[in-house]
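The values are calculated or read from the model by the stated rules, or taken from the named source; none is laboratory data. Note that this is a predicted model, so its numbers are computed, not measured. Cβ: placed from backbone, ideal geometry, glycine included. Neighbour counts: every protein chain shown. Ligands, DNA and RNA are stripped out before the accessible areas are found, and what is left, the full protein with its side chains, is counted by its heavy atoms. Shrake-Rupley method; radii C 1.70, N 1.55, O 1.52, S 1.80 Å.
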Amino acid sequence: MRPSAASKSVLWQRLFASGSFSRSAMSVGGAAALSQLASIVAMPILARLYDQSAFGHAGALLAYANILAAILLFGLSDAALASDDDEDAVRLTLAGVVVPVLLAPGMIVLTDFFVDTNRFGLGGLPPYASGLATAVVLMLVILSHLQNQLVRVRNFSATAKGYLNLGVTRASMQLAGGAMGFGFAGLFGGELVARALTNLGLVRAWTKSARRPTSASVGSILSTLARYRRFLLFRTPSSILSATAVGLPALLVIGQFGAVDAGHFNMTAMMLVAPVVLIQKAIGDVFIGQFIGLRREKADATTLIVRVGLTLTGIAAIGGLAIWLLAPWAFSTAFGAEWRASGEMAIACVPWFMAMIIVLPLSQVLIVNHRPDLKLGFDFSYIGLLFLADSIATDNHAGSLTYVEYISWGSALAYLLYVPLLIWSFLRPGSVASP
């Protein structure tokens, strides 16, 4: 039987008016806002402590670290989030943390090779960069697992505290590194210290609130991995492609135009991603926690998605207009006249920015509906569109600004392709585990 308009209204009031959704969103959103505010307040100083090359190298190495982290997640973080069994979820998380730690020496050797051979724009980095990158990869993997475990138990206060600690610590460490003249190492090392300290706090919160599995032996973990093999098969390549799509623009720009233009692009990306991350964490994390509880009631879940989607569309329109009108002036005023090119790149990135705001907070729906295969299709499309944009821009001998505009439109189109996949996941949900 279809729910009446009155029942839909009751659902909305229960989630929002009574505060279940809104209180959690305000808690996480407030912390995420303060976290991003710390980064934004620090950025005018950081722009004067570090040159464009430092931003370019740090951004390229972080993009590379994110791709490695996606490989080493093996889809297990998403499998733990989607699992209906708390014990399975913990076993998946344990496996997902132990395996990357065992592979750390190989990561160091691989990164050394890429630096020595100038692959992926990593040439010119100091010898210790491979160790820093490997440590950041491990912190990214652990953070992903911890965040999803806390979402499962709806411990949004710990999530909020984690976001706040990450932003404040990162800004503080990077300011200190810049003041001491550490250059690239100050930016990237600040990222490492911030994520390590954040993980420590999230581990404490999780161990207090999570249920322990009755069996965490090697045999039980291997058995669990076998039953969730669909996530290993589909989410591993999907995660790799997704992280590659996110990191690829920075690597393409540094490869095409060098560290200075890449520095301008990375400054643009950091300032535009800050509000996107805020919205994703404030709305997306709380949304997916509520959606998990409603997913078996398709009408209620659809109501939730549509209303959150409309809210996100309004936010994206306002934000895009503000960037279009103010970005060059704002960048040159805040960071110095030499950073005006970053503001011009921000205007080129408006379609990309708006699409991210609308889609990213809703993106976990495919995983919760157990359709990692659809997510894999999206990721292939995204990579294809990025390379198509790169090819067109290169064939037309585009300068760095026009090149970024092509990348922006390619990315925006990719995100719009996510919408029909989301609808299809409702019509044809999958199965979380295999027998």
Item to check | Verdict on G320 being under 29 Å from I45 (Cβ atoms) and either within 23 Å of the chain's Cα centre (by Cα) or not in a helix (DSSP H, G or I) (or both) | outcome: yes
Checklist entry - Looking only at segment 98-133, which residues are closer than 18 Å to G183 by Cα and of a type in the set (V, I, T)? => result V115
Checklist outcome for this item: Considering segment 240-253, residues that are out of contact with any Asp or Glu (no Cβ under 8 Å at 6 or more places or on another chain) and crowded, with 23+ Cβ neighbours inside 10 Å, and then whichever is farthest from T302 (Cα to Cα), we arrive at A250
Item to check | Hits in segment 37-48 - residues which are at pLDDT 90 or above and closer than 15 Å to F184 by Cβ | outcome: L46
Checklist entry - Just checking, how many residues over segment 112-146 are under 18 Å from Y163 (Cα atoms) and assigned to a loop (DSSP other than H, G, I, E, B)? => result 0
Checklist entry - Being of a type outside the set (G, A, S), part of a helix (DSSP H, G or I), open to solvent by less than 10 Å² (accessible area, probe 1.4 Å) and at pLDDT below 85, is that true of even one residue in segment 294-307? => result yes
Checklist entry - Name the residues in segment 111-145 that are open to solvent by 70 Å² or more (accessible area, probe 1.4 Å), without any contact (Cβ under 8 Å) to a residue 24 or more places away in the chain and on the phi < 0 side of the Ramachandran plot, would you? => result F113, D116, R119, P127
Next on the checklist: For segment 71-106, give me each residue that is under 14 Å from V153 (Cβ atoms) and either part of a helix (DSSP H, G or I) or open to solvent by less than 50 Å² (accessible area, probe 1.4 Å) (or both).
Outcome noted: A80, L81, S83, D86, E87, A89, V90, T93
Item to check | Failed item, numbered, when L46 is tested on (1) open to solvent by 10 Å² or more (accessible area, probe 1.4 Å); (2) within 24 Å of G183 (Cα to Cα) | outcome: (1)
Item to check | Members of segment 260-273 found to be within 16 Å of L125 (Cβ to Cβ) and open to solvent by less than 20 Å² (accessible area, probe 1.4 Å), listed by number | outcome: A262, G263, N266
Checklist entry - Would segment 84-91 turn up any residue that is at pLDDT 85 or above and within 30 Å of F114 (Cα to Cα)? => result no
Checklist outcome for this item: Matching residues in segment 223-239 (open to solvent by 50 Å² or more (accessible area, probe 1.4 Å) and under 19 Å from the mean Cα position of the chain (by Cα)) number 1
Item to check | Neighbours by Cβ (under 7 Å, 6+ apart or cross-chain): first from segment 320-331, within 12 Å of C349 (Cα to Cα); second surrounded by 12 or more Cβ atoms within 10 Å (Cβ to Cβ) and not β-branched (V, I, T) | outcome: G320/F353; G320/M354; I323/A346; I323/F353; A327/G343; A327/A346
Checklist entry - Do you know which residues across segment 226-246 are part of a helix (DSSP H, G or I) and of a type in the set (S, T, Y)? => result T236, S238, S239, S242, T244
Checklist entry - Counting only residues that are assigned to a helix (DSSP H, G or I) and either open to solvent by 40 Å² or more (accessible area, probe 1.4 Å) or of a type in the set (D, E, K, R) (or both), which one in segment 152-169 is nearest to L76 (Cα to Cα)? => result R152
Checklist entry - What are the residue pairs meeting all of these: first residue in segment 32-52, first residue closer than 15 Å to A194 by Cβ, second residue surrounded by 20 or more Cβ atoms within 10 Å (Cβ to Cβ) and of a type in the set (K, R), Cβ atoms under 7 Å, and 6 or more apart or on different chains? => result A32/K281; S39/R170
Checklist outcome for this item: When restricted to M356, M345, the only residue part of a helix (DSSP H, G or I), modelled with pLDDT of 85 or more and open to solvent by 10 Å² or more (accessible area, probe 1.4 Å) is M356
Item to check | In segment 359-390, residue least open to solvent (accessible area, probe 1.4 Å) [restricted to those that are over 19 Å from the mean Cα position of the chain (by Cα) and at pLDDT 90 or above] | outcome: A389
Checklist entry - What number goes with the only condition from (1) assigned to a helix (DSSP H, G or I); (2) more than 17 Å from V97 (Cβ to Cβ); (3) not charged (D, E, K, R) that Q149 does not pass? => result (2)
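Residues are listed down the side, and each one gets a yes or a no for (1) surrounded by 22 or more Cβ atoms within 10 Å (Cβ to Cβ); (2) at pLDDT below 85; (3) in contact with a strand residue (DSSP E or B) (Cβ under 7 Å, 6 or more places away or on another chain):
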site: A334; (1), (2), (3): no, no, no
site: D395; (1), (2), (3): no, no, no
site: A414; (1), (2), (3): yes, no, no
site: A433; (1), (2), (3): no, yes, no
